[in-house]
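Just below is one structure, and these are the notes that go with it.
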Amino acid sequence: MDRYTSYVGYFKEKYGERLQKLVLDAGFTCPNRDGTVGTGGCAYCDNAAFHPSYSTPGKSILQQIDEGIGFHKVRYRNASKYLAYFQSYSNTYAPLEVLRQRYEEALLHPEVVGIVVGTRPDCVDEEKLDYLADLAKRHVVVVEYGIESCYDETLSHINRGHDFECARRAVEMTAARGIDVGAHFILGLPFETREMMLDQCALISSLPLRSVKFHQLQLVKGTRIEKEAAEHPDRFATFTLDEYIDFIIDILERLRPDLCIERVAGEVPPRFVEHTRWGLVRNFQILQMLEKRLEERDTWQGRLYENQ
């Protein structure tokens, strides 16, 4: 039996094949970097730690796509269709005319069948979402929101510059237009206990999301949160790898059964962190461990959902 609902499985069922993401840097910034909302960005963020070498703003979008296809064909030989993943910073933070030019440049590539737009909840409006909904009539379109936490105190502490209600509105506005919506959450943010992280599951399940990503907090060199963790380690819930696998299962048990799980952990190149707490374990290995542990515990996504 499938013990959780995988996003890869959803795409294969809906489109008949694997659709591989190609990470792009389209030269956008964020409102909490340029002074509109704040400065310095989120407390945990160094964007260079989260994108591959082929994805740099000095290259055109089509060049990044070509290099990305070459990169991924080594790893995923069966991939023949791709999604242009606008990942770096906030990819709706520009006038609509600019967004249209960037997105439609990517869609000109013959092997690209759609776009995934990573952004902040405070960087969308009715006009931009109407445009994306129209685009979704002809292409695959997914909007991914960085929500990170359901707690306003946490969002303020990490300098997100928006509250959870802003995230809820953005998700609802997007889903109401028939666009697939994803959300990203970080586990282990300061002052959040394990109980608090589990209590978020009811709120996450209440959102009209298609997919969700989780990853453990990673202390990237030079970020404010790395300094905070060194000075106040008592503020942070930490996990061994085995503890984290079990904790992810605790979360899965409490989530809506049809919510697609896109990711349960994140990877940062070793040069960006002082130490790799779990060693050099890769995401595919974590998924293998997760599936094994689900079987050992004889449990599945949504097992406790109806009891909430």
For this session: Kindly indicate whether Ala167 is in contact with a Pro (Cβ under 8 Å, 6 or more places away or on another chain) and modelled with pLDDT of 95 or more.
Result: yes
Exercise. With respect to Phe247, is the statement that it is of a type outside the set (D, E, K, R), assigned to a helix (DSSP H, G or I) and at pLDDT below 95 true?
Worked result: no
Exercise. With (1) modelled with pLDDT of 95 or more; (2) under 22 Å from Asn91 (Cα atoms); (3) crowded, with 22+ Cβ neighbours inside 10 Å as the list, and Arg160 as the residue in question, which single condition is left unmet?
Worked result: (1)
Exercise. In the stretch 79-88, how many are part of a loop (DSSP other than H, G, I, E, B) and crowded, with 22+ Cβ neighbours inside 10 Å?
Worked result: 2
Problem set entry | Complete set of residues in the stretch 1-16 that are of a type outside the set (Gly, Ala, Ser), in contact with a strand residue (DSSP E or B) (Cβ under 9 Å, 6 or more places away or on another chain) and not in a helix (DSSP H, G or I) | Tyr4, Thr5
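Just checking, which of Glu267, Glu231 is of a type in the set (Asp, Glu), without any contact (Cβ under 8 Å) to a residue 60 or more places away in the chain and within 18 Å of Phe185 (Cβ to Cβ)?
Every option except Glu267 fails the conditions.
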Seminar exercise, completed: Taking the stretch 14-40 and keeping only residues that are hydrophobic (A, V, I, L, M, F, W, C) and open to solvent by 30 Å² or more (accessible area, probe 1.4 Å), one is left with Val37
Exercise. Within the stretch 137-145, is even one residue touching a Gly at 6+ places or on another chain (Cβ under 7 Å) and open to solvent by 40 Å² or more (accessible area, probe 1.4 Å)?
Worked result: yes
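Filter the stretch 186-209 down to residues that are surrounded by fewer than 19 Cβ atoms within 10 Å (Cβ to Cβ) and under 25 Å from Val116 (Cα atoms), then give me how many there are.
Going through the stretch 186-209, the residues surrounded by fewer than 19 Cβ atoms within 10 Å (Cβ to Cβ) turn out to be 191, 193-196, 198-199, 202-203, 205-206, 208.
When the remaining residues are screened for being under 25 Å from Val116 (Cα atoms), the result is 203, 205-206, 208.
Number satisfying all stated conditions: 4.
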For this session: Only residues in the stretch 160-176 that are more than 15 Å from Pro208 (Cβ to Cβ) count as the first member; pair them with residues that are charged (D, E, K, R) and assigned to a loop (DSSP other than H, G, I, E, B), Cβ under 9 angstrom, at least 6 apart or cross-chain, and list the lot.
Result: Arg160/Arg120; Gly161/Arg120; His162/Arg120; Cys166/Arg120
Exercise. So which residues in the stretch 75-121 are under 16 Å from the mean Cα position of the chain (by Cα) and of a type outside the set (A, V, I, L, M, F, W, C), if there are any at all?
Worked result: Tyr85, Gln87, Ser88, Tyr89, Ser90, Asn91, Thr92, Gly118, Thr119, Arg120, Pro121
For this session: State the number of residues belonging to the stretch 259-287 that are exposed (fewer than 12 other Cβ atoms within 10 Å of the Cβ) and either within 27 Å of Leu209 (Cβ to Cβ) or in contact with a His (Cβ under 7 Å, 6 or more places away or on another chain) (or both).
Result: 2
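Out of Ala167, Ala183, Ala175, report the one residue that is open to solvent by 10 Å² or more (accessible area, probe 1.4 Å), of a type in the set (Gly, Ala, Ser) and under 22 Å from Leu259 (Cβ atoms).
Criteria check complete, one pass: Ala175.
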Exercise. With respect to the numbered conditions (1) under 30 Å from Arg177 (Cβ atoms); (2) in contact with a strand residue (DSSP E or B) (Cβ under 7 Å, 6 or more places away or on another chain), which one is the sole condition not fulfilled by Val273?
Worked result: (1)
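This table checks each residue for (1) touching a His at 6+ places or on another chain (Cβ under 8 Å); (2) under 20 Å from Gly16 (Cα atoms); (3) at pLDDT below 90; (4) not basic (Lys, Arg).
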site	(1), (2), (3), (4)
Lys73	no, yes, yes, no
Arg77	no, yes, yes, no
Ser80	no, yes, yes, yes
Phe86	no, no, no, yes
Tyr89	no, no, yes, yes
Thr92	no, no, no, yes
Pro95	no, no, no, yes
Tyr103	no, no, no, yes
Leu108	no, no, no, yes
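The values are calculated or read from the model by the stated rules, or taken from the named source; none is laboratory data. A quick note: this is a predicted structure, and the numbers were derived from the prediction, not measured. Glycine gets a Cβ as well: all are built from the backbone with ideal geometry, and neighbour counts include every protein chain shown. Heads up: the accessible areas ignore ligands, DNA and RNA and are worked out on the full protein's heavy atoms, side chains in. Shrake-Rupley method; radii C 1.70, N 1.55, O 1.52, S 1.80 Å.
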